[in-house]
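The structure appears below as structure tokens.
The values are calculated or read from the model by the stated rules, or taken from the named source; none is laboratory data. Not measured: the values here are computed from a predicted model. Cβ placement follows ideal geometry from the backbone for every residue including glycine, while neighbour counts extend to all protein chains displayed. What goes into the accessible areas is simple: the full protein's heavy atoms, side chains included, and nothing from ligands, DNA or RNA. Shrake-Rupley method; radii C 1.70, N 1.55, O 1.52, S 1.80 Å.
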Amino acid sequence: MAQQDEVFKKIVSHAKEYGFVFQSSEIYDGLSAVYDYGQNGVELKNNIKRYWWDSMTLLHENIVGIDSAIFMHPTIWKASGHVDAFNDPLIDNRDSKKRYRADVLIEEEIAKIEDKIEKEVAKARKRFGESFDEALYRQTNPRVAEYAAKRDALHERFAQAMNDNNLEELRQIIIDQEIVCPISGTRNWTEVRQFNLMFRTEMGSTADGAMTVYLRPETAQGIFVNYLNVQKTGRMRIPFGIAQIGKAFRNEIVARQFIFRMREFEQMEMQFFVRPGEELKWFATWKEWRLKWHKALGLGDEKYRYHDHEKLAHYANAATDIEFQMPFGFKEVEGIHSRTNFDLSQHEKFSGKNIKYFDPELGESYVPYVIETSIGVDRMFLSVLCSSYEEQKLDNGETRVVLHLPAALAPVKCAVMPLVRKDGLPEKAREIVNDLKFDFSTHYDEKDSIGKRYRRQDAIGTPYCITVDHQTLEDNTVTLRHRDSMEQTRVNVADLHKLIHDNVSLNSLLRKLA
Ligand code: GAP
């Protein structure tokens, strides 16, 4: 675990050093859990968004996009349940005055027990070597069994308390487990209270009677309240979907792990409207399609898993997460939810407007059921960054840091470099840039040795480096260097465009989904 922490720290500092992610307001010592994307970060992020957007709106005739406002009528959040139920259970330590999420404190306690089990297994593996039967050891070792029983009992008690929304019981678990505040080291805890995660602000001047409005905690409600506008103006027929990418805001208390849990983040959400009774069939279909979308990136199929929800939100009849193996464990990147007709029915009730869909095939009106796919742009960014980062030992004993980004997502697709800064090589290199730049994000670099220039491009994940040398002036060929293999091939300048395009275009990724 310590080694993974170390790697994660390196990834975070790499992200800063190479212009991917900066702490927001850094010169004022930063704003917690808020981040800015730098010159390379914004390109990577835009490419992720483009991949998602095109996969939804180009590959599906029946999915269109919208861009709704962040501010919405406050009653929307009453109808959706966010005003009353979008809460985290919080507990304060009286000595350190630090605030924690009660559920997270308990989850960490469970993780500690799991760590103990893993340590026992690792010790045994070392001791028994080749002949070690891990499955048998886990089943039969008394110490492992004792830890596992402890973990299961705690997990059951915790799940029950969360299910019943029993705040006293959550506190009691913290007391019984003798959980201490990591700052003060004491067990001087307050009661557990519910804390609403929505940010509020005021709209209009106070003299006019200002209205409390919220920064949206999800983009989905903007789709729900527009679904009939889109259906009518776009002459959409069920089943159809509406996609949206936009900012969301949550006043997260435990905001950690870099851009994994932020207070301002971005979501890519798609609501798919279906006939009542057909939702579970569509849920299964979207579950499969979304995993395929992730796997097409080639980050490693073994890094994904589904986590089906046992405990469902009151409005859902099925839900699953797609989890990705981050350096700090498998974590949710995307949620796929069968939200029934809850949201639309609530908006019908609270607005007093009829928002039923008339189904011409059935000759009847109904409130559609909804399958939602909801993925965080920033978490997707983090999963791509973490799985691409490698410190590679080279044959000559040197180490290079390389980002094996999927080529279609890379912020810079190719870098053109004159071998030396004279003899007409820079001019020839510029000529090549001026041709490629219309289709690909292209860098020109003439500073430092060629080796250093290659390393700089490796560090930001540029798939191709093109080197112009004296031979180029004679036969119009260049050296094309491949980022991952570091292989160099001699190619004609006239062939560059096709070669690069075939490997870096989004098109090639999208075709894998067809
Ligand atoms: N409309 C459904 C919805 O918002 P969610 O599971 O709360 O569901 C969906 O969020 C996705 O949004 C998550 O899978 C995650 O990728 C992203 N997300 C949620 N909270 C986040 C946060 N505080 N920071 C970064 N991403 C977040």
Inset, instruction - Looking only at region 290-297, decide whether some residue is out of contact with any Cys (no Cβ under 8 Å at 6 or more places or on another chain), within 11 Å of the ligand (Cβ to nearest atom), in the same structural domain as Ser80 (by TED's automatic domain parsing) and in a loop (DSSP other than H, G, I, E, B). - result: no
Inset, instruction - Would you mention how many residues in region 187-234 are of a type in the set (Phe, Trp, Tyr), modelled with pLDDT of 95 or more and within 30 Å of the chain's Cα centre (by Cα)? - result: 4
Legend entry - Qualifying residue in region 350-359 (condition: exposed (fewer than 12 other Cβ atoms within 10 Å of the Cβ) and under 23 Å from Arg261 (Cβ atoms)): no
Legend entry - Filtered residue count, region 331-359, keeping only those that are part of a helix (DSSP H, G or I) and among the small types (Gly, Ala, Ser): 2
Inset, instruction - Report yes if Asp502 is of a type outside the set (Val, Ile, Thr), in a loop (DSSP other than H, G, I, E, B) and either farther than 30 Å from Leu59 by Cα or not assigned by TED's automatic domain parsing to the domain that holds Arg50 (or both), otherwise no. - result: no
Legend entry - Residue among Ala243, Ala319, Ala248 that alone is open to solvent by less than 30 Å² (accessible area, probe 1.4 Å), more than 10 Å from the ligand (Cβ to nearest atom) and part of a strand (DSSP E or B): Ala243
Inset, instruction - Go through region 1-35 and count every residue that is in contact with a Ser or Thr (Cβ under 9 Å, 6 or more places away or on another chain) and among the β-branched types (Val, Ile, Thr). - result: 1
Inset, instruction - Look through Met236, Met262 and report the one residue that is near the ligand (Cβ under 8 Å from one of its atoms), assigned to a loop (DSSP other than H, G, I, E, B) and hydrophobic (A, V, I, L, M, F, W, C). - result: Met262
Legend entry - Total residues in region 286-303, condition free of Cβ contacts under 8 Å to residues at least 24 places away in the same chain and over 18 Å from Leu510 (Cα atoms): 1
Inset, instruction - Confirm whether Leu362 is open to solvent by less than 10 Å² (accessible area, probe 1.4 Å) and outside any strand (DSSP E or B). - result: no
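Of the residues Arg430, Arg379, Arg421, Arg455, which is among the basic types (Lys, Arg), open to solvent by 10 Å² or more (accessible area, probe 1.4 Å) and within 16 Å of the ligand (Cβ to nearest atom)?
Result: Arg379 is the single residue among Arg430, Arg379, Arg421, Arg455 that is among the basic types (Lys, Arg), open to solvent by 10 Å² or more (accessible area, probe 1.4 Å) and within 16 Å of the ligand (Cβ to nearest atom).
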Inset, instruction - Output the number of residues of region 45-61 satisfying the condition of being of a type outside the set (D, E, K, R) and open to solvent by 50 Å² or more (accessible area, probe 1.4 Å). - result: 4
